[in-house]
1. Please indicate, with yes or no, whether at least one residue in region A:25-45 is more than 12 Å from ligand 1 (Cβ to nearest atom), under 18 Å from A:Ala111 (Cα atoms) and modelled with pLDDT of 90 or more.
2. Given the criterion more than 16 Å from ligand 2 (Cβ to nearest atom), more than 27 Å from B:Leu644 (Cβ to Cβ) and touching an Asp or Glu at 6+ places or on another chain (Cβ under 7 Å), identify the matching residue among B:Arg335, B:Arg351.
3. Report yes if some residue within region A:66-76 is within 14 Å of ligand 1 (Cβ to nearest atom), open to solvent by less than 20 Å² (accessible area, probe 1.4 Å) and more than 16 Å from the chain's Cα centre (by Cα); otherwise report no.
4. Can you tell me which of B:Thr545, B:Thr568 is polar (S, T, N, Q) and within 14 Å of another protein chain (Cβ to nearest Cβ)?
5. With (1) at pLDDT below 90; (2) in a loop (DSSP other than H, G, I, E, B) as the list, and B:Pro41 as the residue in question, which single condition is left unmet?
6. Within region B:373-387, does at least one residue satisfy the condition of being more than 10 Å from chain A (Cβ to nearest Cβ) and without any contact (Cβ under 8 Å) to a residue 40 or more places away in the chain?
7. Does A:Ala106 satisfy the criteria of being more than 10 Å from ligand 1 (Cβ to nearest atom), buried (at least 24 other Cβ atoms within 10 Å of the Cβ) and farther than 28 Å from A:Pro161 by Cβ?
8. Filtering region A:44-64 down to residues that are free of Cβ contacts under 8 Å to residues at least 60 places away in the same chain and aliphatic (A, V, I, L, M), which residue is nearest to the other protein chains (Cβ to nearest Cβ)?
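The values are calculated or read from the model by the stated rules, or taken from the named source; none is laboratory data. Since we're looking at a predicted model, the values are computed, not measured. Cβ placement follows ideal geometry from the backbone for every residue including glycine, while neighbour counts extend to all protein chains displayed. Ligands, DNA and RNA are stripped out before the accessible areas are found, and what is left, the full protein with its side chains, is counted by its heavy atoms. Shrake-Rupley method; radii C 1.70, N 1.55, O 1.52, S 1.80 Å.
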Amino acid sequence: MADASQGSAPKPSSSVKLVLLGEAAVGKSSLVMRFVNNDFQENKEPTIGAAFLTQKCPLPTRTIKFEIWDTAGQERFASLAPMYYRNASAALVVYDITKPSSLTKAQHWVAELQRQASPGIVIALVGNKLDLATPSTSPEGADEAAEDENDDDEADARKVPTKTAKAYADEDGLLFFETSAKTGENVAEVFTAIANAIPETQLKGTRGSAAARAQEESRVNLSAGRDTMGAKEGCAC
Amino acid sequence: MFNNLSSFVQKAQQLIDPNLLSSSTNNPSKSSLFRQQFRLPESQSPSQEILAELTLSRHGSTNSVDGSKEDRDRERSQGSRYSGRLFLSEHYMCFSTQGSSFVSTATFASSNSFNGETHGTGPASNGFTLPLSAVRRVERLPSQTNLFALAITTSNGFSSGRPKASDDELQKLTIQLLGSRQQCERFCDALKKGLRSGMKTTDNLRKVVSLCYSEYHLAEDSSKEHKEREPPDTGLGTLFKYPGDARKLRDKAKMRLWKEYLRESGRNACLVRQPTFHKLIRVGLPNRLRGEIWEMSSGSFYLRLQNPDLYTETLAKHSGKPSLAIDEIEKDLNRSLPEYPAYQSEEGIGRLRRVLTAYSWTNEEVGYCQAMNIVVAAILIYMSEEQAFFLLNVLCEQLVPGYYSTTMYGTLLDQKVFESLVEKTMPILWDHLQKSDVQLSVVSLPWFLSLYINSMPLIFAFRVLDVFFLEGPKVLFQMGLAILRINGEELLDAHDDGAFISVLKTYFSRLDESAHPKSENPKLRAVTRFQELMVVAFKEFAGITQQTISDQRAKHKDAVLNNIEHFTKRTSIRNLGPESKKLSANDLGFLYDRFYGVLYDRQQRKLLIEQENDRRAKAGRAKISDIMPQMSDDNAIEVGRVALGSSDTQMDYDAFREFLAGIAPWSLSDNPASPWDKEKQQSYFGNSMRNRSVSLTPWGSGPEPDDHEFMRRLFRQWDSEHQKYLTLQNLVAGFSHVKGTRDIMSNIAYFFDLYDDDGDGKIDRDGILKMSEAFLFLGRKGLDIPELQSSSGTPKKSESTVVLSKDEQFLSAVSSFIKRAFEYADPDSQMNMTMKRQNTADNVTKSMDQFAIGDDDEDDLVDLEESKPVSPVKLKSTAAEAEGEVVKLPPVPSEDKPHTHAANAALDPAKPLFISLPTFRMVILADEVLESFFDTGFANTFLLADSPIPSSASAMASLTTFTNLGRASPATVAQHPGIILPPTKGLRGMLDNIVNDGMRVAHEVRRRMEDAQRELDRASAAGASPDEEDDDDHDEHDEKMSSHMDPDRRSVLSTDRDLLETAEAEGVDSGSGRANSVRGTSLLDEPIGEKKEGEQSAKVVEFER
Ligand SMILES: Nc1nc2c(ncn2[C@@H]2O[C@H](COP(=O)(O)OP(=O)(O)OP(=O)(O)O)[C@@H](O)[C@H]2O)c(=O)[nH]1
Ligand SMILES: [Mg+2]
């Protein structure tokens, strides 16, 4: 699917098929909604099967068009997942920093992707609902704070220390972020990082006449991308 | 593994003979077809049927058969006379113009005809489904024509709050039976009987009917007290407004039409389906009646009638109990139709919570699946909680079975079916999809799973539901096809998922617009896109019938299930935790298959036994089945299949034994209570389900496992969470300990732990004895290849010397183990205190007893006390005898002369002792045989997928190649045919497996021979085992066995340190040359029994008593 893309886009662009996986209610759909519409809904219906959305990210030299497959999180939907991560060149594996079990599930997903998905798939591990952690602590300092649960009135709901998840991500060579779909913190950064991490060879252009141009585009050095993409606005159309 | 072998044979047979499949397993039984047609609950089966003609008497008129000619003509012209069939079941009288028949002589096609085209009437067609409890009176009408005619007065309108319905309101159905006098009379007799028992359930009827809006609504005009009555609950819509604009939906007009219809044709329980009924449904139900008509057309009404309190009872019974499903439900409560105001309130959320929770308790296998929240949230807008609960039952179990199961196989299957229908009906579009690499199901899956509720605006989704509940699941397909057909052109321009999806999204959002906005014709212009969709779905795709769907499902089912099982296996193996990495991919796959295989077999067996009991009970009871054959349920054969999400996942101790029996020869019982009988296997899948002899042993067609203490210890150890059952993960973790490491030290430590009950790092005398007994238990079949091989149980008479010698080496090693263990044991001072207080003799007896038997069988104590000179061997033999363990051996002569026992400090119970791990290790390593036992020998007694010589490094590298698993390649001779699931790997695969099994056994024999040879070589090189010669003349020995045993055992227990040096040699010596005795008998006796008596007594020092 990485090579398939839309036929209607006027601008030359590279399509990237991205799939979101993770336990139910960790905020996959909310992340996508934040990324695509810069919006957040308190009560989001669970995803049935999967939802499909697209979002373009204009880079200085080209546009990346994310074709996002947002999947259902409940365990029993797992057998449908291969249908969605088929040909994906990137994956967001999401867990909820207030739910340790969701990290275990995320690890299972990573293992599955590494074995079953396209080789070279770029995987980002994303701990969502960062807004529920004690806001004052920096990601680094949060580790210790999380260790001793939430005895303070500050009520830190964080249950997964950053350190733990980070260590795991490093070990498996994953991108790692902690985000909040609610506040928008770090959301665009995740997608930007993925856009930059995708090997050029994975980037294919659009179909038809645009294809050739896009192929050209995709060969352009992307090193500048990260900074430009930093701002949310850069992505939200 | 025999178990597996046989089930492969069965399954192979099943595949080879397609008739077998269709006749007994795949075609639903006639009763279940009958239930399907009339949407009746499980409890009903047809007992009578007869051709008949139904005449509806008009309001106020009496019966029309006697009426004037004009009357009758008028009614005929109005279509209120119907010819069809009348059926009687336990609690229902059903009439349908459909023409299906369920008598035993009826062809499948005629029993199934309601699944064909129904012209919008649904399977039950015109007619009625009348609970017998709703019949007030049946009169036989005098008729000129000499025919049987019945006038049936129903209770229609009786529960409307008034004591007596006016005569005007009485519903009378006139039915003319068309059959021989005999047939008619038989029918009437049965009806009479049914009516009598129907009386008992009139309370239920009254309760259920009083909750029907129709009852309230129709009573409205005629009843004075009516105004004070609370209207029955018609869903959240009454409180929070029904979706859509009531005026635009023409709700009032619809309501009027329905009122008229219900007055004419009867309401709720007494409703008669006439053509107008189906038409009224097609145009969309009015808000207040929607829930009730859903109930009637889906049949959930009848389920509710059967047990009106089930909902409240279920909630009460499980109140406060936690469950996984409840956690999952909680997560989604705020995420179900959140835009609808009711679901922003505690009222709505509460109802949703209760209905979902109650259902999760009634069907724990399904529990809760996302999408159910949306469906239930939707139906709760029009229904009371109770109604929704029963409708959800019917939905999950009958209308869309498997959609919400843990594997969602129904959903996946229907996606396959849908794709194949698209391919058939719209080949160009299908080609386009293929070329553009668009996977249709990514779009269509949510349509089916949430019954279009999430895909279209609610008001339209409900219109789809109206028809869906009447006509069944084929509606989902017709709608889907119509959607694609209507959007065909635009879809052909879409070249990827994104474009494809957006075409459809746009379409759904504009369903209320005109389908022909540019048309000159105002009538055409008024047609909405949704109306167009309905027309295309039900006219253009009228040919898509329920039968089409069933056929397609049958066609794709295997592939889908296999896929799921493959996926589940892959995922499950991958997530087995870090310990699993110590085992090879092959072994993991094998353990997975075997684990679920055993559980599946056991579940099947249980089911068959239950069915058989049921059948017997039924046969003894009423003759309900007079003319109707009772057949077993359709899906029986599949219950427990992993892909259906109904498999057990917990292995209890008995299942564990059965599991071991398939992979570890030592775990087989030497003395099966019910010998493994070949004949029994055939019967499961035999042609006639009714003839099958359910002579099911607890172990099915497999060999009977032993029940040794060691097995219990293993189970306990592996059950790390103390749940009294093992999960696959437990099992794998367990195996990773015994098989996953080549580190002898950790193997020894593991074994030590197994016997260190209190975890204090000490094993006492008792433990040592138990350990050594376990050695013997484990080793007793180790060399017994012929026995292993000849499953039929014919032991081979001759055995090679090589084999024997290995056996004996092991025996002697165990003897020396005991001696050394006691020798090097440390005195336990703490224990001393307590022990001293106990009766010495008792203690010994006890420990000996345990030594001997391995299960703490109290009975034996008696025996033991009687035979005064308690020597361990003696104990063993008597105990074994008492237990009936020794079956192939002549009984042990009990006139054993008492020996005088020399003092044995180690065995003095007054001096408790223990060994620690280091001591244990030292003792083990001091003996070559035991050393090798702990190195690889023990691990190799478990026969998994990989060849018995373990290679610890081979593990994870090959996980990615799991696709090949289950297909035994000829190259891997040692592969075991353990793969029971998925059962339908294709005939090829099964036969391969069968062949491989043979090869494996051969290989196994060869390997063991080689092992033995190596052992022999080593031994002779060391000059340790001098005599292998006397392997002849065992037959004579057999008889003397018991007497031989004692001395040998005594030697084992000797404390004479001087003997230690020679012990080894002696052990070998003593063990040498014994042949038959070793095989297939109880562990301790025979090998020891071989000793020559004289030799023994010279060497052995007995302990005193
Ligand atoms: N506080 C907080 N809540 C969040 C955040 N992201 C999502 N949520 C909430 O978590 C719930 C689940 O969010 P979804 O986005 O639907 O989760 P999902 O992973 O898509 O769930 P499934 O579709 O069921 O797999 C919703 O109630 C969200 O409002 C976040 O960053 N912070
Ligand atoms: Mg979601």
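1. The first filter runs over region A:25-45 and keeps only residues more than 12 Å from ligand 1 (Cβ to nearest atom), leaving A:36-38.
Narrowing the set further to residues that are under 18 Å from A:Ala111 (Cα atoms) leaves none.
No, region A:25-45 has no match at all.
2. Values: B:Arg335 fails: more than 16 Å from ligand 2 (Cβ to nearest atom).
Answer to the check: B:Arg351.
3. Pass one, region A:66-76, residues within 14 Å of ligand 1 (Cβ to nearest atom): A:68-76.
Filter once more, keeping what is open to solvent by less than 20 Å² (accessible area, probe 1.4 Å): A:68-74.
Still in the running and more than 16 Å from the chain's Cα centre (by Cα): A:74.
Yes, region A:66-76 contains a residue that is within 14 Å of ligand 1 (Cβ to nearest atom), open to solvent by less than 20 Å² (accessible area, probe 1.4 Å) and more than 16 Å from the chain's Cα centre (by Cα).
4. Details: B:Thr545 fails: within 14 Å of another protein chain (Cβ to nearest Cβ).
On inspection, the qualifying residue turns out to be B:Thr568.
5. If we test B:Pro41 against (1) at pLDDT below 90; (2) in a loop (DSSP other than H, G, I, E, B), just (1) comes out false.
6. No: zero hits.
7. On the way: more than 10 Å from ligand 1 (Cβ to nearest atom): yes; buried (at least 24 other Cβ atoms within 10 Å of the Cβ): yes; farther than 28 Å from A:Pro161 by Cβ: no.
So A:Ala106 fails the test.
8. In this case the residue turns out to be A:Ile48.
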